[in-house]
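To keep things clear, I will list the structure first and then write my remarks on it.
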Amino acid sequence: MIKLNVFFRIFRGKENKSRFSERYGITSIERPGGDIVWIHAASIGEFKSADLLINLLYKNYTILVTTTTLSAANFASKNYAHKIIHQFAPLDISLWVEKFLNKWRPKLVIWIESDLWPITMELLKQKSIKSLLVNVRMSPQSFKKWKIIKFFYKQMTECFSEIFAQSQLDRERIKTLTNRNIKFIGNLKLSSRSNIQKISWDKKLKNFQKGRTLMLASTHENEEFQFLPTIKRLLLQVDGLKIIIAPRHPERSKTIQSIYQKSGISTKLMSDNAYANGDVLIVNTFGNLPAYFNISDIVFLGGSFVSKGGHNPIEPAINNCVIITGPHVYNWQNIYEDMLRNNACFVFNKISILEKKIKKLFEDNNEMNKMKENSKKVAQKNFFDSSELIYIIKNILEVSPC
């Protein structure tokens, strides 16, 4: 049944048809000599956060990175092929995980965030493979569920010699579940300035300029629909306004375009030749969000008017944007609290109130510029102290950090 599911995913374009055997722990790649560090980063976000660790270790060790999503695999091949060996993570079946572990024999495992698999975790424990759980998070919903079977979460994480939480709130929740000393050294996703660097904008976007551009970034299903009446009114009320929508899952772009066009809004896809001519541009490609932040004035971060936990406000803030979000930001709670203390973002419970603030900001350059300045100051802080993590890795691998 599981094998059939893999073939179904291949049919839907969610697996690499030439490499699906890796999901069964089988690969044609020969294991190189020497010690291997295995980093597991399920999707593209986790992979990007592993940048610090990869650059720290790749010159002295073979770095094996596993992912589960095709987009993360493509990102790895494009940007890190000279630094790592990439494999698709084996499915959580004893036989297949055993094959994988026996093949690669990692000296250290660094597991990023929350993609925990019970059989894999148990085998790491049985084989006494040194393992670290890094940047783990625990949403309020997950915490409620895990509290019911607290013993299972505790047992599943026993393979990790150290656990590093993504935030103080995550630390307290995981401490409650495990009765362990959980460390907090900041958010690994903010450890690399290469992840939040400023990128020059596409010259074809000359119609989109600072002073008149609103961006809805990393929006989730239904959020674009919730914003539709607001966007229609803002286009009438704010002279020269341009709007960029970058859905979290670009495959929804044509559906969003259809809904907006039926409402009479001139909407183009980024892949269209004349994409810069519409009032609304939908980004239907992966990556390069900073290029769009760089030409935006106000950025609404999605996953916050639906309960997805919000998205990273530091990337748009470093690109001189005003940050606006809905109420569901538990994945980035510490960062938003810091920004609110410094008058560096707006958090709204209702889109109707958010709409009034957006209109006012476009009318008041002084407030707009002050908010941009405040958000950029917060974004320039150091949000991750890597020293303790590097020290632990160094002791396990018995070499000095690079």
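Points to keep in mind about this one:
- Lone qualifier among LEU177, LEU133 - being at pLDDT 95 or above, buried (at least 18 other Cβ atoms within 10 Å of the Cβ) and over 19 Å from the mean Cα position of the chain (by Cα): LEU177
- SER139 satisfies every condition listed in (1) surrounded by 15 or more Cβ atoms within 10 Å (Cβ to Cβ); (2) out of contact with any Gly (no Cβ under 9 Å at 6 or more places or on another chain) except (2).
- Just one residue in the set HIS86, HIS82, HIS40 is buried (at least 19 other Cβ atoms within 10 Å of the Cβ) and free of Cβ contacts under 8 Å to residues at least 24 places away in the same chain; that residue is HIS86.
- Put simply, of PRO106, PRO118 the only residue that is out of contact with any Cys (no Cβ under 9 Å at 6 or more places or on another chain), modelled with pLDDT of 95 or more and surrounded by fewer than 18 Cβ atoms within 10 Å (Cβ to Cβ) is PRO118.
- Test: ARG173 is touching a helix residue (DSSP H, G or I) at 6+ places or on another chain (Cβ under 8 Å) and farther than 23 Å from ILE39 by Cα: yes
- Restricting region 300-311 to residues that are closer than 16 Å to ILE245 by Cα and of a type outside the set (A, V, I, L, M), the residue that is nearest to the chain's Cα centre (by Cα): HIS311
- Qualifying residue in region 288-299 (condition: modelled with pLDDT of 95 or more, assigned to a loop (DSSP other than H, G, I, E, B) and either on the phi > 0 side of the Ramachandran plot or not hydroxyl-bearing (Ser, Thr, Tyr) (or both)): yes
- Residue in region 317-373 that is nearest to PRO290 (Cα to Cα), counting only those that are part of a strand (DSSP E or B) and of a type outside the set (A, V, I, L, M): THR325
- Pair list, Cβ < 8 Å and 6+ apart or interchain, from region 230-252 residues that are within 26 Å of SER71 (Cα to Cα) to residues that are among the β-branched types (Val, Ile, Thr) and loosely packed, with under 15 Cβ neighbours inside 10 Å: PRO250/THR285
- Only one of the numbered conditions (1) more than 26 Å from the chain's Cα centre (by Cα); (2) acidic (Asp, Glu); (3) more than 21 Å from THR230 (Cα to Cα) is not met by GLU363, and that is (3).
- Region 130-154 residues that are among the polar types (S, T, N, Q), paired with ones that are modelled with pLDDT under 95 (beta carbon under 6 Å, 6 or more apart): ASN135/GLU113; ASN135/GLN166; ASN135/LEU188; SER139/GLY309; SER139/TYR330
The values are calculated or read from the model by the stated rules, or taken from the named source; none is laboratory data. Predicted, not measured: the structure shown is a model, and the values here were computed from it. No Cβ is skipped: glycine too gets one built from the backbone with ideal geometry, and neighbour counts run over all protein chains shown.
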